[in-house]
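Participant: Let me begin by handing over the structure; questions about it come next.
Derivation of every value follows stated rules applied to the coordinates shown; laboratory data play no part. Just so we're clear, the structure is a prediction, and the values are computed from it rather than from any experiment. Every residue, glycine as well, gets a Cβ built from its backbone with ideal geometry; the counts of neighbours run over all protein chains shown.
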């Protein structure tokens, strides 16, 4: 029934997301491809933030021309980076934020932050959308870590 169809959609979405990320030639391509895919899949604005050498989060990719990475967003995103937990819109933590922020995690380490904006303040992700988005962030984190490792070996 419906749940089987949902699972099928879930799996095929994950598959195409993974395939597109694997096709990326470098980190820039990987990030912009991920931002595009996530924006399309969830009809949302997307911001991918990674720490620079000093550990300060920088915007590395985004979808959504109205999305501006300001001090407030930096504040919430930095909290997410430090704690490895979701925060912002629709959560119990820093819930006045306009975006929903997810940690990009590999094992126990948070290597970046994904910010997602649904446009309307009252709009929230459905539970299954949230699960899919969390799965996407896991795949993105793994792909990023994999790229970092292969760059370090070269």
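Participant: Fully extended, how many nm does the chain gain between residue 3 and residue 135 (0.36 nm per residue separation, minus their Cα-Cα distance)?
Facilitator: 45.8 nm
Participant: Separate question: For the chain, just say rounded, prolate or oblate: build the C-alpha gyration tensor, square-root its eigenvalues into a ≥ b ≥ c, call rounded for a/c under 1.5, and beyond that prolate if a/b exceeds b/c, oblate if not.
Facilitator: Cα axes put the chain in the oblate bin.
Participant: Now, a different point. Give the relative contact order (percent, whole number) for region 31-120; include only Cα pairs under 8 Å separated by 6+ residues.
Facilitator: Here the relative contact order equals 27 percent.
Participant: What shape does region 50-110 have by the C-alpha gyration tensor, where a ≥ b ≥ c are the square roots of the eigenvalues, rounded means a/c under 1.5, and otherwise prolate means a/b greater than b/c and oblate the rest?
Facilitator: oblate
Participant: May I pose another question? Let me have the 222 nm mean residue ellipticity of the chain computed from DSSP H runs of 4+ only, each contributing -39500 (n - 2.57), with the sum over all residues rounded to the nearest 500.
Facilitator: Value at 222 nm, helices only: -17000 deg cm²/dmol.
Participant: Go ahead and run the numbers for FRET between residue 126 and residue 23, Cβ-Cβ distance against an R0 of 22 Å, rounding to 0.05.
Facilitator: It comes out at approximately 0.15.
Participant: Which whole-number percent is the relative contact order of the chain (Cα, under 8 Å, 6+ apart)?
Facilitator: The value is 21 percent.
Participant: Further, regarding this structure: Only counting other Cβ atoms within 10 Å, I'd like 101, 15 sorted with the fewest neighbours first.
Facilitator: The fewest-first ordering by Cβ neighbours comes to 15, 101.
Participant: Here is a further query. Per-residue counts of other Cβ atoms within 10 Å, averaged by peptide: what ranking do you get for 17-23, 42-48, highest first?
Facilitator: Output ranking for 17-23, 42-48: 42-48, 17-23.
Participant: If you take the Cα Rg of region 77-141 and divide it by 2.2 N^0.38 Å, with N the number of residues, what do you get?
Facilitator: 1.04
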